[in-house]
Amino acid sequence: MFAVDRLILLAAVLVLGGVVSSKFSYRLGLPVLLVFLGVGMLAGSEGIGGLAFEDYRLAHAVGTLALAFILFDGGLRTPLSAFRAASWPAATLATAGVVVTALVTGISASLILDLPWIEGLLIGSIVGSTDAAAVFAVLRSQGVRIRERIAATLEIESGANDPMAIFLTIGCLEILVGTAGSFFGLVWLFVKQMTLGAVVGLVGGWSVVWVINRVNLPAAGLYPVFVAAGALLVFGVAASLGGSGFLAVYLAGLVVGNNRIVFQRGIFVFQDALAWLSQIGMFVVLGLLSFPSRLAEVTWQGLAVAAVLVFVARPVAVAACLLPFKFSRREQLFISWVGLKGAVPIVLATFPFIFEVPNALLVFDIVFFTVLISVVAQGWTMPPLARALGLSLPPLPEPPATLEIAALRHVDSQIVDYTVDPRSRVVGRRIRDLALPDGALVALITRGRQVILPQGDTELHAGDNVSLVLRSEVQPIVDQVFAPAAESPGVPAEIEFPLRGGTTVEELQAMYGIAIDAAPTKTLDEVLREWLGDELEPGSQVTIGQVALCVRGLEDSRVTRVGLAILAEPPDESRTTGSPSVAGPAAVSPAEHDVERAVPAEPAGANAGPAAPAPVKPALSDDR
């Protein structure tokens, strides 16, 4: 048997062991990362596997490659809206927060371990950052769903704080080995890493999006491989130029994940599998590096350092950094507790071996012990703490069946899955009665294990999973249709969305909360023809308080498409009747409408407002 054959067998056994044992971790409530570490420790030289592994350089290489894939996947799954909402608090935690944590922990470590202050600061710098792999895995695998701003802050912080931790770690190591330059040289190193990492990441992400939407690959399976290789290219270019590859690959994932790309769902599934494989491989390898006998020798010191880190350093850093951003005390407490340590500190703990500094073994063992405590104590207690603080949200159900638009070219459509909430307006309604906007089509319904091919008279039930093919610009409107009635945000202002001319007045009221004074069974086509009369032509517009109805499609004197928009302010308050309700203006009669002629235009896009109002004509009379 060749050596490579044994290596393949060993790798397969370890990966399968990690995957299978993760199933039991869910039942026991164990953090899955702890399971992967445990598999590695059991397979190590002091475990039942008896594998002698102490190659810290190889472990560093494996960890770096794995973290690149993990961070890229984390960026892919971070919505841009969440990034905007949490970018400043997360950036503050990723920079100043790491410094404060490293200083408090480092000074304490030097006193606890009786080490020179610079070696204590080295330990503090290594454990100063939260770990993306740990945070992503716990938030997404433990069934924890928390408020968007908190989750985004934790994920963005963990994805962006590696440059500061690396900067502090390398700075301490260079001081220890006597190769450190000036203070300004170290500051320049940090600025260079952050700047180049951000620029390369953003440019690289846009480049991947541009190329993949234009390249015509011979097989669909090559597109996920192309994106994964693009992520590694971004990492390598940033690192080669002296920037932060970790920051670059995270930002590249953020750009790719928030743009439309071909085979998007398949790419996401592939990257998710790659990230899990990376986590398993990385934590198993790092587990192989551990020696339980050595960990036992530093138990009390490790517990003391971990206690300072968890109960003093992290809370102080969070309180100081989040003070300007108006986080509540409960939110600060939760963010403090979820400062998980994981693979990044262990990977950084291999640096002292590479630099050949004194006490490298002690530093590695203390860091490894601290990570174990963090994963066990913090990872295990995150779900109950979120519930106790009132910060947890109900988990989103996974769709039992999914669809994907598979095309070799970019198409301006996507498939969106909705689970019908018992409070949703659509419960008990037939598909033909949903008043969906033009550009939205129900493609599939799954009810339990039953797959239903939708027909016009198919009735929707609570708990149904409904897959719709949507044009991008109509999704915010469809989101409102399927949202629980109590949580519906209302029709977005100044965004025109297309409706079919056959939509009835009753359906408009039921689905969107917009009432007009007309017979419930009348269609918008009939209403507009009645109100406009001889003025009926493409582009003609009726303003009803803050509601604008515009003729966008006309065939054989029948209105086939109607553009509906909610104006931010009534065009002429002296002529507006009724007062706006929560979801739309109060009902008014045809005699009270202002009719205006707009310039004929194509249907508005996602960011287009209603047609510009023309001079107002006299109100129509009832007998017109």
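The values are calculated or read from the model by the stated rules, or taken from the named source; none is laboratory data. Computed from a prediction, not measured in an experiment: that's the story for all the values here. Cβ sites come from the backbone with ideal geometry, for glycine too, and all protein chains shown count toward neighbours. With ligands, DNA and RNA removed, areas are computed over all heavy atoms of the protein, side chains included. Shrake-Rupley method; radii C 1.70, N 1.55, O 1.52, S 1.80 Å.
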Looking only at segment 451-478, and only at residues there that are of a type in the set (S, T, N, Q) and at pLDDT below 85, the one that is surrounded by the fewest Cβ atoms within 10 Å (Cβ to Cβ): Ser472
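Yes/no per residue for (1) of a type in the set (Lys, Arg); (2) within 30 Å of Leu16 (Cβ to Cβ); (3) modelled with pLDDT under 90:
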{"position": "Leu202", "(1), (2), (3)": "no, no, no"}
{"position": "Arg214", "(1), (2), (3)": "yes, no, yes"}
{"position": "Pro224", "(1), (2), (3)": "no, yes, no"}
{"position": "Leu233", "(1), (2), (3)": "no, no, no"}
{"position": "Leu251", "(1), (2), (3)": "no, no, no"}
{"position": "Asn258", "(1), (2), (3)": "no, no, yes"}
{"position": "Ser278", "(1), (2), (3)": "no, yes, yes"}
{"position": "Gly287", "(1), (2), (3)": "no, yes, yes"}
{"position": "Ala306", "(1), (2), (3)": "no, no, no"}
Only one of Leu289, Leu254, Leu247, Leu309 that is touching a strand residue (DSSP E or B) at 6+ places or on another chain (Cβ under 9 Å) and open to solvent by less than 20 Å² (accessible area, probe 1.4 Å): Leu289
Top-ranked residue of segment 365-386 - restricted to ones that are among the aliphatic types (A, V, I, L, M) and open to solvent by 10 Å² or more (accessible area, probe 1.4 Å), ranked as farthest from Leu122 (Cα to Cα): Leu385
Search result, residues across segment 41-87 that are aromatic (Phe, Trp, Tyr) and either within 25 Å of the chain's Cα centre (by Cα) or open to solvent by 60 Å² or more (accessible area, probe 1.4 Å) (or both): Phe69, Phe72, Phe83
Ala68 being in a helix (DSSP H, G or I), in contact with a Ser or Thr (Cβ under 9 Å, 6 or more places away or on another chain) and touching a residue at least 12 places away in the same chain (Cβ under 8 Å): yes
Residue check, Val249 more than 16 Å from Leu67 (Cβ to Cβ) and assigned to a helix (DSSP H, G or I): no
Some residue of segment 395-412 being at negative phi, open to solvent by less than 60 Å² (accessible area, probe 1.4 Å) and at pLDDT 85 or above: no
Condition check for Trp210: out of contact with any helix residue (DSSP H, G or I) (no Cβ under 7 Å at 6 or more places or on another chain) and modelled with pLDDT of 85 or more: yes
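Here is a yes/no grid of residues against (1) at positive phi; (2) among the β-branched types (Val, Ile, Thr); (3) modelled with pLDDT of 85 or more:
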{"site": "Ala349", "(1), (2), (3)": "no, no, yes"}
{"site": "Pro352", "(1), (2), (3)": "no, no, yes"}
{"site": "Val357", "(1), (2), (3)": "no, yes, yes"}
{"site": "Ala360", "(1), (2), (3)": "no, no, yes"}
{"site": "Ile366", "(1), (2), (3)": "no, yes, yes"}
{"site": "Thr370", "(1), (2), (3)": "no, yes, yes"}
{"site": "Val376", "(1), (2), (3)": "no, yes, no"}
{"site": "Ala386", "(1), (2), (3)": "no, no, no"}
{"site": "Leu391", "(1), (2), (3)": "no, no, no"}
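A quick yes/no check of all residues on (1) without any contact (Cβ under 8 Å) to a residue 40 or more places away in the chain; (2) in a helix (DSSP H, G or I):
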{"residue": "Phe167", "(1), (2)": "yes, yes"}
{"residue": "Val187", "(1), (2)": "yes, yes"}
{"residue": "Lys192", "(1), (2)": "no, yes"}
{"residue": "Val200", "(1), (2)": "no, yes"}
{"residue": "Trp206", "(1), (2)": "no, yes"}
{"residue": "Val215", "(1), (2)": "yes, no"}
{"residue": "Ala219", "(1), (2)": "yes, no"}
Residue within segment 318-333 that is charged (D, E, K, R), open to solvent by less than 50 Å² (accessible area, probe 1.4 Å), in a helix (DSSP H, G or I) and farther than 30 Å from Met41 by Cβ present: yes
